[in-house]
Amino acid sequence: MEFYTQNGMKRPIRLSESTRKFARDSLARKYGLDTMKVDSVSVDDIENFGNMSELARYDAAIKRIAAESPLRICPDEKISGAATLGMAIRHYIPATYSGKSVSYGMSHLTADFETVVKYGVNSIKAKALKAYSEYKGTESEEFIKSCLNCIEAFEIWHSRYLDALSNMPEYKANYENLKRVPFEPATSFYEAVQSIWFAFAFMRLCGNWPGIGRIDHLLGDYLKKDLKNGSITLDEAREILAHFFIKGCEWVNGQYIGSGDAQHYQNILLGGIDEDGKEITNEVSYLVLDILEELGISDFPTTVRVNKSTDGKFLRRVAEVMRYGGGTLAVYNEDLVIKALVNDGYPEREARKFANDGCWEVQIPGKTYFTYIPFDSLQILQKSTLNGYEQGVAFDSFEELYNAFVSDLYKKVEEIYIDKISSLTDTTSLRHCWEWPCTVISLFEQGCIEKGASYVDGGPIYNIISPHIGGLADTVNSLYAIKKLVYDDKRVTLSDLLNILHNDWNGEEALRQYALNRYVYYGNDNDEVDELAARLLSDFADICTSFNGKCGYRFPAGVSTFGRQLEWAHMRLAVPYGRKAGVVLAANCSPTPNTDKEGATAIIRSYCKADLSKLATGAALDIKLLPSSVEGENGLQALISLLRGFVSLGGFFMQPDVVDASVLKQAQENPEDYQTLSVRVSGWNARFVTLDKEWQDMVIEQNEH
């Protein structure tokens, strides 16, 4: 059996045939379709359920899920536990009352798997018992009781798997591991893998989508010890770890056509330094790359922390895997990210621990509540600063126009701040005036039990609201075109230009073509426009951080669209650089499609001219590469150089994808032949055939140029 590649290269074979078959079955939707058979459990029969408090209803629902969700033990699986209720795939708690889910799941977080592996869930239970005695009789008592109730539910689910496995001698190893983990500390690599998976699967079973984080940091020391004492070989460890990745495909079902079927935020990080500054790249780092290379599994978007001292052997392996395509691997510039976090007030030891929220926004794993608020900066420029292109707008200079736009950006961030604060009953504790139970996640975020406050009520150590500017390239190109057309070259007055834009360029084709083709826009290493982008990002970052300290939240800046360029397109007016109204434009920090003429290195240079260390949650750059550009040893060395250059120039996060637009068009016409073709969309990977046509067309357009 073969696993698909964009470039036709044959993937290596290292894993056993039974493991490869397990992967093939999972990717072919066998277990995802099985999950769809039972959508949820019902709590209709629980006496007085409708009159319970929100938290009591939540606890009853989690207990019912633990007690009644189907168990699934796949043939020859090496680790056990499965999220088997279909509603969880849709990000709801899969328990219904009167036909509706009792609540939503949580995502955009990386859970505290380090405590689970090193100390066991029983250590969390002990902490909750201690807190219960401290908070008894206070408003936090019900939350702490909920923590104990949810741990009890976890114990019920765990015991059901133990009972099932005890009668299946072929799964003796699974049974022996689960007798200890995840409730006790793991003592071996095999136990540690099972411990992380079982806790992860329980969170998912309850409708949550947590990220994994730094898997090689979590598992590396266990594998080193086991290799040293001879209790495991690298080949055996690879087989065990492969089952972790394969079971992570248990929600692949092809049923949800839209923005793709792999948006479950189960991201993984590899490499980089630990809190003491020591490089942690280890055998597990290489095993993960082996598995991704062989199986092409894209459901765990994996980001490599690269720094100026990253070992050449490791970076070569990253490039070798990256060129198979599918967008599975991305890179952080570790030095820059740590600097950004320290600039934002994190202690350096904490900053060195960074992972992400499930897409690419940076956070400290197991300690962070995170939410981002995206908005389209182009619409602010068009509809606020330029008043929808109505008459009466006048600016004597470009500087005056620019400052007015920055003032409108401030108003937008202030609006985000006011909207969030209005939901709080206490800006110090961050308690909300509404209930949104999420105790299962709160168990795995440090600070919640100690504070007697849930994940959404200020419980975690760090609480983040990140305004995200979208349409960056579109806004910068618009400002630049106005600067050149009106103020520098004086080809048209501002009043006349706004009237032309109001009429969608009708009757002004010559000027439209001039604006479209005469100027060199963002993404082409043009200092004049790139410095404008850098200035805008700097001003936006300063606006956001000015709200730090006004309440218990941090307000770091970020840049993203996450595909919202589709959602925003119909609300966008004609742009000054020659595009008509309603066009789908730039993604994240990437250039506007078809305005970049000078290739990947020029795009990276433009992006890196900004001081990206001021953007503490991140700024993503999408880079599209043709398979032919990374062929052979020369292509491999070119890709390695691209990664090194990205780091040396001061990039933040880059998600390269090796893809041929002609292949995507074939997949659009013959989807049955391309069921496992994966593409990087925007912070996640999706099987191309599960994108709807609008999304497919956008991905094709991004790759054609």
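The values are calculated or read from the model by the stated rules, or taken from the named source; none is laboratory data. Everything numeric in this text was worked out from a predicted model, so none of it was measured. Here Cβ is always computed from backbone atoms with ideal geometry, including for glycine, and neighbour counts include all displayed protein chains.
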### From the options I297, I268, residue that is in contact with a Pro (Cβ under 8 Å, 6 or more places away or on another chain), buried (at least 21 other Cβ atoms within 10 Å of the Cβ) and of a type in the set (A, V, I, L, M)
I268
## Note on the structure
Residue hits (the range 87-104; without any contact (Cβ under 8 Å) to a residue 60 or more places away in the chain and among the β-branched types (V, I, T)) are T96, V102
### Message
Within the range 48-60, does at least one residue satisfy the condition of being assigned to a loop (DSSP other than H, G, I, E, B) and closer than 30 Å to Q675 by Cβ?
### Response
no
### Message
Could you go through the range 444-463 and let me know if any residue there is farther than 30 Å from L386 by Cα, of a type in the set (V, I, T) and within 22 Å of the chain's Cα centre (by Cα).
### Response
yes
### Message
When you scan the range 203-224, do you find a residue that is under 23 Å from Q263 (Cβ atoms), at pLDDT 95 or above and of a type in the set (F, W, Y), even just one?
### Response
yes
### Query
In this structure, does V342 turn out to be farther than 30 Å from K10 by Cβ, free of Cβ contacts under 8 Å to residues at least 12 places away in the same chain, among the β-branched types (V, I, T) and in the same structural domain as D25 (by TED's automatic domain parsing)?
yes
### Message
Taking the criterion of being out of contact with any helix residue (DSSP H, G or I) (no Cβ under 9 Å at 6 or more places or on another chain), touching a residue at least 12 places away in the same chain (Cβ under 8 Å) and crowded, with 21+ Cβ neighbours inside 10 Å, would at least one residue in the range 616-638 satisfy it?
### Response
yes
### Residues within the range 30-54 that are closer than 30 Å to S140 by Cα and either free of Cβ contacts under 8 Å to residues at least 12 places away in the same chain or under 28 Å from the mean Cα position of the chain (by Cα) (or both), tallied
6
### Task
Could you tell me which residue of the range 229-256 is modelled with the lowest pLDDT, considering only residues that are assigned to a loop (DSSP other than H, G, I, E, B) and buried (at least 22 other Cβ atoms within 10 Å of the Cβ)?
V252
### Query
Cβ-Cβ below 6 Å, separation at least six or inter-chain, first residue in the range 348-360 and within 18 Å of T302 (Cβ to Cβ), second modelled with pLDDT of 95 or more and in a loop (DSSP other than H, G, I, E, B): which pairs?
K353/E275; K353/I364; A355/P365
### Query
In the range 83-101, what residues are among the hydrophobic types (A, V, I, L, M, F, W, C) and either surrounded by fewer than 24 Cβ atoms within 10 Å (Cβ to Cβ) or in the same structural domain as Q266 (by TED's automatic domain parsing) (or both)?
M87
### Task
Look at the range 115-154 and say how many of its residues are in a loop (DSSP other than H, G, I, E, B) and more than 21 Å from L218 (Cβ to Cβ).
5
### Task
From S166, S133, grab the single residue that is surrounded by fewer than 20 Cβ atoms within 10 Å (Cβ to Cβ), of a type in the set (G, A, S) and over 30 Å from M52 (Cβ atoms).
S166
### Query
When the range 365-412 is examined, which residues are found to be loosely packed, with under 15 Cβ neighbours inside 10 Å and under 24 Å from D496 (Cβ atoms)?
N387, G388, E390, Q391, G392, A394, D396, S397, E399, E400, N403
### Task
Report, ordered by the first and then the second residue, all pairs with beta carbons closer than 6 Å, sequence separation of six or more or different chains, a first member in the range 1-29 that is more than 13 Å from G296 (Cα to Cα), and a second member that is at pLDDT below 90 and among the polar types (S, T, N, Q).
R29/N253
### Query
So which pairs qualify, if the first residue must be in the range 301-315 and in the same structural domain as V647 (by TED's automatic domain parsing) and under 13 Å from I338 (Cβ atoms), the second must be surrounded by fewer than 17 Cβ atoms within 10 Å (Cβ to Cβ) and of a type in the set (S, T, Y), the Cβ gap must be under 8 Å, and the two must be at least 6 apart or on different chains?
K308/S648
### Message
Let me confirm something: among T475, T439, which residue is among the hydroxyl-bearing types (S, T, Y), within 29 Å of the chain's Cα centre (by Cα), within 30 Å of R572 (Cβ to Cβ) and buried (at least 20 other Cβ atoms within 10 Å of the Cβ)?
### Response
T475
### Query
Quick check: is even one residue across the range 182-199 surrounded by 15 or more Cβ atoms within 10 Å (Cβ to Cβ), touching a helix residue (DSSP H, G or I) at 6+ places or on another chain (Cβ under 6 Å) and under 19 Å from R64 (Cα atoms)?
yes
### Members of the range 267-307 found to be among the aromatic types (F, W, Y) and either modelled with pLDDT of 95 or more or within 25 Å of S641 (Cβ to Cβ) (or both), listed by number
Y286
### Query
If you go through the range 654-669 one residue at a time, how many are in contact with a Lys or Arg (Cβ under 9 Å, 6 or more places away or on another chain) and free of Cβ contacts under 8 Å to residues at least 40 places away in the same chain?
1
### Message
Looking at the range 15-61 only, could you name the residues that are over 30 Å from H243 (Cβ atoms), of a type outside the set (D, E, K, R) and surrounded by 14 or more Cβ atoms within 10 Å (Cβ to Cβ)?
### Response
S42, V43, I46, F49, M52, L55, A56, Y58, A60
### Out of T561, T601, sole residue that is polar (S, T, N, Q), outside the structural domain of E694 (by TED's automatic domain parsing) and not in a helix (DSSP H, G or I)
T561
### Query
Is it the case that some residue within the range 456-464 is of a type in the set (V, I, T) and surrounded by 21 or more Cβ atoms within 10 Å (Cβ to Cβ)?
yes
### Query
List, please: which pairs have Cβ atoms under 8 Å, are six or more places apart or on different chains, and start with a residue in the range 117-128 that is under 16 Å from I144 (Cβ atoms) and end with one that is among the charged types (D, E, K, R) and loosely packed, with under 15 Cβ neighbours inside 10 Å?
K127/E450
### Query
Checking D226 against (1) under 30 Å from Q363 (Cα atoms); (2) crowded, with 16+ Cβ neighbours inside 10 Å; (3) charged (D, E, K, R), which single condition isn't satisfied?
(1)
### Odd one out for V342 among (1) farther than 29 Å from R572 by Cα; (2) in contact with a Pro (Cβ under 7 Å, 6 or more places away or on another chain); (3) among the hydrophobic types (A, V, I, L, M, F, W, C)
(2)
